[in-house]
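Accompanying notes for the structure given below.
The values are calculated or read from the model by the stated rules, or taken from the named source; none is laboratory data. Worth saying up front: this structure is predicted, and the values here are computed from it rather than measured. FYI the Cβ positions are ideal-geometry reconstructions off the backbone, even for glycines, and counts take in every protein chain you see. Areas reflect the complete protein model, heavy atoms only, side chains present, ligands, DNA and RNA absent. Shrake-Rupley method; radii C 1.70, N 1.55, O 1.52, S 1.80 Å.
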Amino acid sequence: MILYHNTMEQIVEDAYDMIKHELDCCTCERCRNDIIAYALNHLPPKYVVTAVGQAYSKLASLKIQQNADIIAAISQGASVVKQHPRHNEPSK
């Protein structure tokens, strides 16, 4: 059985956790998930199938341009979520 993982998910989650206090928006679990999902939908996936691939992908995430792209996607997501927060909506 082949297992695969989009390492971009963890990279974006880690980046969000580092900058969440600078975003000037709600950081509840619902808003966090919405911001991260927005960012992931605007970034290319990084799928790996081995631990070596995961380490390589993490190393690649240290590149300045990719880091800037990740921060920009998170910031855009925070702006959208701030304008239309869903944390007060009833669960569906």
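Taking residues in region 76-88 that are more than 16 Å from ALA15 (Cα to Cα), and partners anywhere that are open to solvent by 100 Å² or more (accessible area, probe 1.4 Å), the pairs with Cβ atoms closer than 8 Å and at least 6 places apart or on different chains are LYS82/ASP24.
Look at region 47-73: where a residue is open to solvent by 70 Å² or more (accessible area, probe 1.4 Å) and a partner is polar (S, T, N, Q) and at pLDDT 70 or above, sitting 6+ places away or on another chain with Cβ atoms under 6 Å, you get TYR47/ASN6; GLN54/THR7. In region 13-38, which residues are open to solvent by less than 30 Å² (accessible area, probe 1.4 Å) and touching a His at 6+ places or on another chain (Cβ under 7 Å)? Within region 13-38, just CYS31 meets the criteria.
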